[in-house]
Amino acid sequence: MRSAESIDTIVVIGGGISGLSSAFYLRKMAEEQGRSIQIELVEAGPQLGGKINTLHRDGFVIEKGPDSFLSRKLPIIELAHDLGIEEELVPTNTKAAKTYIMKDGKLHSMPKGLVLGIPTSILPFLESDLVSGQGKLTALADVWKRPQPQDDDESLGGFLARRIGDEIVKHIAEPLLAGIYAGDLYKLSLQATFPQFAQYEKEHGSIILGSRHQRALMAEKNKGKPPATFMTFRKGLTTMVEALKKELESITIHTGVKVDALNPQARGYELSLSNGQKLQADAVIVTTPAYAAHDLLKEHIENRMLEAIRYVSVANVVLAFDKSTIDVQFDGSGFLVPRSEGLRITACTWTSNKWLHSTPDDKVLVRCYVGHSEDQESIKLDDEALVAAVREDIEKAIGLKATPIFTEITRLNRSMPQYPVGHVQAIRELRTELNEKLPGVWVTGAAFDGVGLPDCIRQGKEAARLMLDYIAHKS
């Protein structure tokens with residue numbers, strides 16, 4: 001039994017960006033509040049950072065995991081400021097702003113004014129070859145179509161098809177939005193992925209008008225200058241991980257160790273680690289994938305939401321070339337490939353165009369993405385077959401036949417959580433039961449409220465605030 005003067009301990013399980021952000025903001029907020037707490041972080045893998053993995057090779061800066069983030073999502077910008085690394089932030093190359101989408105084996109420039117696949121500039125949309133004349137009329141009918149706001153959740157694909165038609169969903173929205181989740185839009189939850197679309201329908205009667213209004217607000221905020229859509233760090237995303245590790249040198253970090261059990265005690269919890277060690281905690285933040293969180297908590301709760309979340313595996317294939325051997329010119333940042341095109345790759349980034357810091361001047365770097373919820377076989381190809389399939393696809397798409405000087409393959413198994421219809425309500429019910437049966441245990445991370453880096457950072461910060469409030473009121 002600990003004395004009343006004992007320092008409260010919060011254990012963070014998981015050392016990805018959600019866990020690191022939780023630990024960082026626990027320490028920061030506690031210091032700002034003049035409180036003394038002990039923080040321990042447990043990561044089952046050998047190193048911290050989760051899927052973030054930057055490789056520096058022969059002058060290249062190669063991201064083997066995520067390569068950037070949406071600049072409009074501020075939590076990651078705020079974290080960079082908090083870490084003092086904001087000077088390392090770099091935007092995409094403005095001279096390579098074009099993005100293409102494949103249709104019928106040919107690349108078509110994405111029309112200007114698209115906001116998350118929604119056309120907000122009518123003339124460029126009408127001039128595009130991506131959608132037929134009838135498809136364009138169906139999409140633009142959203143402006144005067146009677147709103148039908150739903151009380152219950154619905155699929156993202158179903159909502160978009162209802163508002164702007166299934167043709168624009170197939171040829172534009174699906175490759176653009178599904179790339180974020182590697183999922184089927186007709187199986188993903190609207191409320192869990194893009195709830196603003198439903199809000200646009202309610203407030204403006206139209207997602208085109210709502211998107212246009214939001215675009216105007218952003219332009220006004222940025223004084224008419226369009227902000228960079230994506231940003232990263234000059235030396236790679238591991239810059240952020242290294243800065244977090246430096247800030248967390250004062251806490252206890254366990255790597256290569258798994259939490260095998262979590263058991264309630266008279267006060268708080270006892271965590272049993274795979275190395276035989278026991279940790280005492282007043283509060284616990286679980287940031288692991290949902291299936292690992294389920295294994296840890298299933299003995300204590302009846303809710304099966306964590307077990308039900310499906311994960312999709314994907315792979316990144318990076319190819320480096322000597323510029324002198326490249327027999328094609330590509331003027332954009334990359335292209336997207338709808339599932340209907342029948343290729344193995346779902347997207348391709350011309351990295352050396354998009355990120356000028358990533359590649360020596362006499363080299364070219366290309367990164368291709370393989371795997372989605374409806375294709376879990378392609379990533380099972382062996383390395384040689386996978387590279388061959390990717391090279392075949394990019395030759396079909398842009399005529400690139402050059403032989404790479406090297407390739408890097410990253411297989412991200414069970415890395416992309418799928419948010420089914422009803423996901424938001426399921427999370428709410430899970431957390432209600434956790435609060436009743438395991439007070440002081442909070443689950444968060446990519447499986448819950450956003451898969452992107454800024455979303456995970458935001459959730460880590462929220463978890464820190466909630467658990468500090470919990471132990472303050474419990475004391």
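When peptides 208-214, 170-176 are ranked by their average number of other Cβ atoms within 10 Å per residue, the highest-first order is 170-176, 208-214. Charge dipole of segment 287-343 (Cα centre as origin; +1 on each Lys and Arg Cβ, -1 on each Asp and Glu Cβ, all else neutral): 120 debye, rounded to the nearest 20.
In the chain, the DSSP beta bridges split such that about 70 percent are antiparallel, to the nearest 5. Of the residues Leu185, Ala139, Leu156, the one whose Cα sits farthest toward the positive end of the charge dipole of segment 43-195, with +1 on the Cβ of Lys and Arg and -1 on the Cβ of Asp and Glu, is Ala139. Entry for the chain at q = 0.08, 0.10, 0.11 Å⁻¹: log10 I(q)/I(0) = -0.51, -0.80, -0.96, Debye formula applied to identical alpha-carbon scatterers, no solvent contribution.
Starting with the fewest neighbours, write out Met416, Met305 ranked by other beta-carbon atoms found within 10 Å of each beta-carbon.
With the sparsest Cβ surroundings first, the list reads Met416, Met305.
Other residues with beta-carbon under 13 Å from the beta-carbon of Glu249 carry, at +1 per Lys or Arg and -1 per Asp or Glu, a net charge of +1. Taking N as the residue count of segment 262-342, its C-alpha radius of gyration divided by 2.2 N^0.38 Å amounts to 2.00. First measure r as the distance between the Cβ atoms of Gln425 and Thr403, then evaluate 1/(1 + (r/R0)^6) with R0 = 45 Å and state the FRET efficiency to the nearest 0.05. For R0 = 45 Å, the calculated efficiency reads 0.30. Model label points for His81 and Thr255, set 7 angstrom from Cα along the Cα-to-Cβ axis, are 3.0 nm apart.
Quote the FRET efficiency, to the nearest 0.05, computed for Ala216 versus Lys106 with a Förster distance R0 of 25 Å and r equal to the Cβ-Cβ distance.
Rounded to the nearest 0.05, the efficiency is 0.15.
Would you mind checking segment 319-341 for residues with the amide N under 12 Å from a putative spin-label position 7 Å along Cα→C-beta of Lys396? Zone members listed by number: 337-341. For segment 58-161, the pair-distance distribution built from all alpha carbon pairs, in bins 5 Å wide starting at 0, is 2, 8, 12, 16, 15, 14, 13, 10, 7, 3, 1, 0 percent. Packing, as the average of other Cβ atoms within 10 Å across residues, places the peptides 188-196, 82-90 in the order 188-196, 82-90, highest first. Using a simple spin-label model with pseudo-atoms 7 Å out from Cα toward Cβ, Arg414 and Glu88 lie 3.1 nm apart.
The simple Förster model, with R0 at 25 Å and r as the Cβ-Cβ distance, assigns Gln47 and His357 a FRET efficiency of 0.60. Dividing the convex hull volume of the alpha carbon atoms of segment 322-441 by its residue count gives 166 Å³ per residue. Counting helices only, and only those DSSP H runs with n ≥ 4, report the 222 nm mean residue ellipticity of the chain as the sum of -39,500 (n - 2.57) divided by its residues, in deg cm²/dmol to the nearest 500. Mean residue ellipticity at 222 nm (helix-derived): -10500 deg cm²/dmol. Averaged over residues, the count of other Cβ atoms within 10 Å places the peptides 61-69, 253-261, 240-248 in the sequence 61-69, 240-248, 253-261, highest first.
Computed from label points 7 Å out along Cα-Cβ, the spacing between Lys380 and Glu203 is 4.6 nm.
Neighbour counts of other Cβ atoms within 10 Å put Ile118, Ile345 in the fewest-to-most order Ile345, Ile118. Along segment 138-143 the Karplus relation, 6.51 cos²θ - 1.76 cosθ + 1.60 evaluated at θ = phi - 60°, assigns HN-Hα couplings of 4, 5, 5, 5, 4, 5 Hz to successive residues, with x for each Gly and Pro. Residues Glu436, Glu395, arranged from fewest to most other Cβ atoms within 10 angstrom of their Cβ, appear as Glu436, Glu395.
Read-outs: derived from the displayed coordinates by stated rules, not from any lab. None of these values were measured; they are calculated from a predicted model. We place every Cβ from the backbone using ideal geometry, glycine too, and count neighbours over all the protein chains shown.
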